[in-house]
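This report refers to the structure that appears directly beneath it.
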Amino acid sequence: MAHLFHQQPNKYQFQSTPHTIHGYSLLQLLITLAIILTLIAIAFPYYRQHVQQAKLHQAQAVLLTNSQYLAKHYQQHISYKKNKNSWPHLPISQNQHFCFRFQGNPRFTRKEHYTLKAVALDTNTEPRILKLNQDGRVFLCQSSTSRCNEKNNFFSGGSQTDKNCQIFNH
């Protein structure tokens, strides 16, 4: 009977063994955070540049689409103009980042010439513009006085409105 009064050890009772805590110190976390922030600071300008280039390529594609339309118009009317005082309506006059219009008043432009421009809707974030002429050459200008809020269906002024232009072949 002695064995009836003998207490069995509680199998749910915790034994006191030395605890080892696994984890990271505050210093390790701060160093890791500093490394991540440094990588972000380095990568962000490249990302932003990539996004701006993608927007310019999208604008270039729209300029080419409008140019194809004008080529068909020229075949039918032997002129890029609708009449001597107006340009035809472009199939795409705006997307989410740019507006697209002719450069210059049609009254002062020869019937076999045109220049299309893509101007950013927000020129503070994207001051550059793209231009495409009847020869299919695309130019990137670093700045322009042209703005999308002009009332005409063309950008006023001549080529002097655009500064530091180079052929865009990206």
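No value in this document is a laboratory result; all are computed from the given coordinates. Here the structure is a predicted model, which is why all the values come from computation and not from measurement. A quick note on method: Cβ atoms are made from the backbone with ideal geometry, for glycine too, and the neighbour counts reach across all protein chains shown.
Here is how the numbers come out for the structure above:
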{"read-out": "Anchor K111: lysines whose Cα lies under 29 Å away (excluding residues fewer than 8 positions away in-chain)", "value": "K72, K81, K82, K84, K131, K151, K163"}
{"read-out": "Lys, Arg +1 and Asp, Glu -1 on Cβ, resulting dipole of region 77-127 about Cα centre, debye, nearest 20", "value": "440 debye"}
{"read-out": "Rounded to the nearest 20 debye, dipole of the chain from Cβ charges on Lys, Arg, Asp, Glu", "value": "900 debye"}
{"read-out": "Neighbour net charge for F155 - beta-carbon separation under 12 angstrom, K R +1, D E -1", "value": "+3"}
{"read-out": "Gaussian network model of the chain, springs between alpha carbon atoms under 10 Å - residue of L33, L63, L132 with greatest fluctuation", "value": "L33"}
{"read-out": "Most positive-pole-ward Cα, H77, F155, T123, against dipole of region 42-170 from beta carbon charges", "value": "H77"}
{"read-out": "Selected from T125, T65, T109 as most flexible by GNM, with the chain as the system and alpha-carbon contacts under 10 Å", "value": "T125"}
{"read-out": "The chain: angle of helix 26-77 to the longest principal axis, Cα-based, in degrees nearest 10", "value": "30 degrees"}
{"read-out": "Label corresponding to Cα extents along the principal axes in Å when calculated from the structure given, among (1) 101, 42, 29; (2) 121, 34, 29; (3) 54, 43, 33", "value": "(2)"}
{"read-out": "Calculated from backbone phi, Karplus (6.51, -1.76, 1.60) coupling profile of region 127-134 in Hz, x at Gly/Pro", "value": "x, 6, 10, 10, 10, 9, 10, 5"}
{"read-out": "Proximal charge balance of E112 [Cβ under 11 Å; K/R count +1, D/E count -1]", "value": "+2"}
